[in-house]
Amino acid sequence: MGLFAVKIIKTLMNAGPYLVRLRPRPKTLHISQGRSVFESDRDGLIPLDSAYGFFVHETRVLSRYEYQINEIAPQPIAVSSVREHSILGYYIAFPPERSPAEKDRGSGEMEEVSEQTVELRVSRYVGGGLHEDLDLTNFTQQETRFRFSILLAADFIDRSELHSGRQQHGKLSSNWRQNENNWELEFDYVAEHEYDCQGESGRASLHRGVAVRILNSSSEPRYKGNRISFEVELAPRATWHTCVDLVVQFENQSMHPAYSCGAFGSAFPNDSARDTFLQESACFLYPTAKTLIPVVAEALEQAKEDLAALRLHDLDHGPRAWTIAAGLPIYVSLFGRDTLTTCWQAAILGPEMMKGTLPELARWQGTVDNPWRDEQPGKMLHEAHTGPLAWLRFNPRDRYYGAITTSAFYPVIVSELWHWTGDKELITPLVEPALRAIKWLDEYADLRGDGFHYYLSRSRQGNRHQGWKDSADAVVYEDGSQVDPPIATCEEQGFAYAAKLQFSEVLWWLDRREEAKRLYHEAEEFKKRFNERFWMPDRKFVAFGLDSFGAQITSMVSNVGHCIATGILDSDLVRVTADRLFEPDMFSGWGIRTLSSEHPAYNPYSYHRGSIWPVEHGAFAIGFMRYGLFDYLHRMSQALFEAARLFEFYRLPEVFAGHPRDDDHPFPAIYPNANSPQAWSSSALFLILQSILGIYPFAPLHTLIVDPRLPEWLPELTITNLRVGEAAADVRFFRKAGGTSDYEVLEKRGPLHVLRQPSPWSQTAGIPERLKDMITSLLPVK
């Protein structure tokens, strides 16, 4: 081995964690049972003239198996084995009778197909023969019609002939017919071979075949030119179904599928023998058995690596003060709300991202009234791109202000930096930018004069929607129709409330007492008015928002969870609101959907109308913690870590589809253009963990408050170098036999109290618990 090669290997070994994942046969996906193997490309298909196929007894009984909608292949979104004998695939297509329209795409690159989606779900299982459920769903709000086709071919070659070339040649025939209960395409193959080999001679014959049976079809199939086709008509939200059975003929034996229609996820007939072996064979026990500790560990480490990798070095404010890109590959730019959310959610790692992001965003704060950029004095930046189109001013996105969230969230993150560092010199330069952002909310965002915060783009190239959900079709009425701005969404009111409430505390510590009292009282009055206008007593839920007429938008959405997180919702309304978020139409089993699955505009693939965003769940976790809803905190957190386990590197993407977690959907599909890594998806995991551990820093009093509530799936965790102010601590958290949780301080470095009590964020702690706060502040620091 050369010296250069040795140097490379040593460099890799000393580099720490790196993204190495080796996968044998990286272009192949296969499922099998016994002598039946379905071997496909990574999209779950058998293309024509490929080496893939459905092999039974080492014979390729199918050499082509593909799908088309109006002669165009649907786009594969997520295809994976579920068990060793089953596979699930999600494919999508744009309704073929419509033309994709030019439209506002918000900040990202939404494809039209993700917002107007026809879904093909393929549930395939091998056992003897093969069974497949094909389900088409119209996730648009208009009727659609098209021709759906299955393309097939058979050649009955030996597997070894794929490499050596064909040697055996027989008679292949095909026949299409209608039987009593199904339609059937039969391929039949007969071959003979006279041989004389070293004294043994004779005539050998072979008979193989496969019958492709169409059962339970929603429309009648037709066959022409190796293509089985169906005419499909789908009303909005309607589904179309057919079953495909492959019955294999092996000499005189017919090998029927072991599964029947709609049986996906049920036990395989041979599972009992498999389970017996697994139960009776030797077992290996680990301290982490039956927990999610390995998943949590891998997910957190990868998230930390991803945040470091997304650093925008050209915007550093020092070696320990930096900001971050929003995500790869689309959002390699400075995004205001993304960076603020990320550095807040990941603050448990340290204050470096807050120390870099807050002064950087202050540098971009609006100073003039510029309608093209949606800029106004005091308004905080939405995004700053450096690509050719922005740089050459083909659009305003080299400095664009089309979001209300950043201005409300900026003062909140300043207060978080204060809690983690207690550093007045660090905070003081950020006070005026924060106050200007609050002033912008009050003076420019109250578009109807009713005291609530609305958005309305003034730019012909701006974002139509400028709340948390900024895709062009994100805000819908209960009947599925679009809501035209100006709109006051519920979560933006919560962010504005938190801005005033939390920043009033910062002003108090800086001896600006009159301003502090004014902001505090404004926040409390605003909270009262919010609950009067946004609460829907008949639905026991918060309105999505107020429209341009001041009327409630009554759609069931995830935005409401942020009202719990920010504390703007009255305490006696929180439990019933959280209950509604965990109804099956909102909670998929992997997370909380952006829009109810019962809504006419629901589309699990859409950007904001039924998908699941990991970033929201960090905020939801804080909300459930502060109101003592630990059952929901644990249930939601478990779902998200289990979702992380599905993705490569345990890395949660920007957004994934809102399919229900059930036997028909053992894993969700993915939004077509999802970023991965995505900064605020990575950071959400750290805020979830902080919520479970009840961690609340208060550096001005040299105090770290903990109140751990560990679930069964996370019985123990140690955090080292947890920094609060100028101190740091190593703390072990653990779950006791009775289900309660405790902590142990392993080491402290610097002045720090570590106390067990409900977090100051808590809305449920009583007066005796609160007295500890006052007593603690009087104790000498150890």
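The values are calculated or read from the model by the stated rules, or taken from the named source; none is laboratory data. Bear in mind that the values here come from a model prediction, so they are computed numbers and not experimental data. Ideal geometry is used to build each Cβ from the backbone, glycine not excepted, and the neighbour counts take in all protein chains shown. Areas reflect the complete protein model, heavy atoms only, side chains present, ligands, DNA and RNA absent. Shrake-Rupley method; radii C 1.70, N 1.55, O 1.52, S 1.80 Å.
Rg then Dmax, both in Å and based on the Cα atoms of segment 123-268: 19.2, 73.
The share of Cα pairs per 5 Å bin across segment 503-571, counted from zero up to the longest distance, runs 3, 16, 21, 20, 14, 11, 8, 6, 2, 0 percent.
Please give the per residue volume of the convex hull enclosing the alpha carbon atoms of segment 630-727, rounded to a whole number of Å³.
Taking the convex hull of the Cα positions in segment 630-727, it is 131 Å³ per residue.
For the chain, the mean residue ellipticity at 222 nm estimated from helices alone is -9000 deg cm²/dmol, where every DSSP H run of n ≥ 4 contributes -39500 (n - 2.57) and the total is divided by all residues, rounded to the nearest 500.
Note that the chain, at 25 °C in a medium of 0.890 mPa s, gets a Stokes-Einstein diffusion coefficient of 85 µm²/s from its Kirkwood radius over C-alpha pairs.
Take the Cβ atoms of residue 198 and residue 226, set R0 to 51 Å, and the FRET efficiency comes out at 0.80.
Convex hull volume of the C-alpha atoms in segment 488-532, normalised per residue: 51 Å³.
Quarter the surface of the alpha carbon convex hull of segment 632-689 and you get the mean projected area, 4.2 square nanometres.
Using all pairs of distinct alpha-carbon atoms, the Kirkwood hydrodynamic radius of segment 83-194 works out to 18.7 angstrom.
For segment 436-549, the C-alpha radius of gyration divided by 2.2 N^0.38 Å, with N the number of residues, is 1.17. One quarter of the convex hull surface built on the alpha carbon atoms of segment 359-448 amounts to 6.4 nm², the projected area averaged over directions.
Find the centroid of the Cα atoms in segment 443-513 and in segment 372-433, then give the distance between the two in whole Å. The distance from the Cα centre of segment 443-513 to that of segment 372-433 comes to 15 Å. Helix 614-626 and the longest principal axis of the C-alpha atoms of the chain enclose an angle of approximately 50°. Distance from the C-alpha centroid of segment 235-256 to that of segment 131-194: 11 Å, rounded to the whole angstrom. Computed with a 1.4 Å probe over protein heavy atoms only, the accessible surface of the chain comes to 42 Å² per residue.
Under the criterion of Cα pairs below 8 Å and six or more residues apart, the relative contact order for segment 411-459 equals 25 percent.
Taking the Cα centre of segment 455-533 as origin and assigning +1 to Lys and Arg Cβ atoms and -1 to Asp and Glu Cβ atoms, the resulting dipole is close to 260 debye. Here the dipole of segment 563-692 is about 320 debye; that uses its Cα centre as origin and unit charges on the Cβ of Lys and Arg (positive) and Asp and Glu (negative). Volume per residue of the convex hull around the Cα atoms, evaluated for segment 279-354, comes out as 141 Å³. If only the Cβ of Lys and Arg carry +1 and only the Cβ of Asp and Glu carry -1, the dipole of the chain around its Cα centre is close to 1720 debye.
Taking N as the number of residues in segment 321-480, what is its Cα Rg relative to 2.2 N^0.38 Å?
1.05
As a calculated quantity, the FRET efficiency between residue 205 and residue 673 at R0 = 51 Å, using C-beta atoms, amounts to about 0.40.
Ordering 117-124, 435-442, 219-226 by mean Cβ neighbour count within 10 Å, with the highest value first, yields 117-124, 435-442, 219-226.
Just so you know, the Rg over Rh for segment 472-602 is 1.03, from Cα atoms, with Rh as the Kirkwood radius. Mind giving me the FRET efficiency for residue 446 and residue 97? R0 is 51 Å, r the Cβ-Cβ distance, nearest 0.05 is fine. Efficiency, from the Cβ-Cβ distance: 0.70.
Out of the total accessible area of the chain (probe 1.4 Å, heavy atoms of protein only), what percent is carbon and sulfur? Could you put the intermediate results ahead of the total?
Values: 17050 of 33060 Å².
Carbon-and-sulfur percentage of accessible area, whole number: 52.
Compared with the dominant principal axis of the Cα atoms in the chain, helix 424-444 is inclined by about 80°.
How high is the relative contact order of segment 103-193, in percent, counting Cα pairs under 8 Å that sit 6 or more residues apart?
Relative contact order comes out at 16 percent.
Taken over the C-alpha atoms, segment 372-422 has Rg and Dmax values of 14.1, 44 angstrom.
Hey, which of these cross-link pairs are over 27 Å Cα-Cα: 379/527; 355/748; 304/379; 469/540; 439/528; 379/517?
Going by Cα-Cα distance, 304/379 fall outside the 27 Å limit.
Rg ratio for segment 348-388: its Cα radius of gyration over 2.2 N^0.38 Å, N being its residue count, equals 1.43.
Against the main long axis of the alpha-carbon atoms of the chain, helix 271-280 sits at an angle near 60°. Ratio of Rg to Rh for segment 584-628: 1.03 [Cα atoms; Kirkwood radius as inverse mean 1/r over pairs]. Distance from the C-alpha centroid of segment 535-567 to that of segment 611-686: 22 Å, rounded to the whole angstrom. Counting heavy atoms of the protein chains alone, residue 509 has an accessible area of about 80 Å² for a 1.4 Å probe. When the chain is described by a simple charge dipole with +1 on each Lys and Arg Cβ and -1 on each Asp and Glu Cβ, the residue from 297, 207, 59 located farthest towards its positive end is 297.
For segment 318-379, the set of trypsin sites (Lys or Arg not before Pro) satisfying both a DSSP loop assignment and a count of at most 16 other C-beta atoms within 10 Å is given as 320.
Measuring nothing but how far apart in sequence close Cα pairs (under 8 Å, 6+ apart) lie, relative to its length, the chain scores a relative contact order of 10 percent.
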